[in-house]
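Engineer: One structure follows; several queries about it will come next.
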Amino acid sequence: MAESSQKKILFIDDDKFLLDMYALKFTKAGYDVKTADSTDVALKMVRDGYTPDILLSDIVMPGMDGLDLVAALRKEKLIPAAVVVMLTNQGASEDISRAQKMGVDGYIVKATTVPSEVLAEVEKIAKSKKT
Ligand SMILES: [Mg+2]
């Protein structure tokens, strides 16, 4: 895959193990992957001009949570075209309904997903946004 056609994906999660695991999976699948272990770091990257095609973010994190990050990005009109996918914990129905109300492109329940399933799900969500 040519470098210019590589899809850029930004992962945000305070769980370093998950971050590394998903980064490896998506890198192997041909994505240009960047990671952030907090929403503050992610927001700074985007404010500094990084424009991911896909943003995959955990919700529950110390400080500003993942949905607050999405709200901040929208308020500042940053990366409006990015596909936004949230990672939610199993049974976190409040988070899921918040995500739905915010109109994110999709969400993935963390507890039930292995990296290959996350990859497949993200690609499905990204494809459905395009059409
Ligand atoms: Mg977390």
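Just so you know, all these numbers are worked out from the coordinates, no wet-lab data involved. Bear in mind the structure is a predicted one, so any value in this text is a computation, not a measurement. Backbone-built Cβ (ideal geometry, glycine too); neighbour counts: all protein chains shown.
Engineer: Convert 4 °C to kelvin, take the viscosity as 1.567 mPa s, use the Kirkwood radius over C-alpha pairs of the chain as Rh, and evaluate the Stokes-Einstein diffusion coefficient in µm²/s, rounded to a whole number.
Structural biologist: 89
Engineer: OK, next. Enter the per residue convex hull volume of the stretch 9-56, computed from alpha-carbon coordinates, in Å³ rounded to the nearest integer.
Structural biologist: Roughly 55 Å³ of hull volume per residue.
Engineer: Kindly provide the helix-only [θ] at 222 nm of the chain, computed as the sum of -39,500 (n - 2.57) over DSSP H runs of four or more divided by all residues, to the nearest 500 deg cm²/dmol? Intermediate values should be presented prior to the final figure.
Structural biologist: Values: 5 runs with 57 residues, N = 131.
After summing the helix terms and dividing by residue count, I get -13500 deg cm²/dmol.
Engineer: Can I ask one more? What nm distance separates the two modelled labels at ILE108 and VAL60, each placed 7 Å from Cα along Cα→Cβ?
Structural biologist: Between ILE108 and VAL60, the label points sit 1.8 nm apart.
Engineer: A further question follows. Give, in nm to one decimal, the length gained when the segment between ALA120 and GLN100 is fully stretched (0.36 nm per residue of separation minus the Cα-Cα distance).
Structural biologist: This chain segment gains 5.2 nm when fully extended.
Engineer: Of the listed pairs LYS8/LYS127; LYS28/LYS129; LYS7/LYS77, which have alpha-carbon separations greater than 18 Å here?
Structural biologist: LYS28/LYS129; LYS7/LYS77
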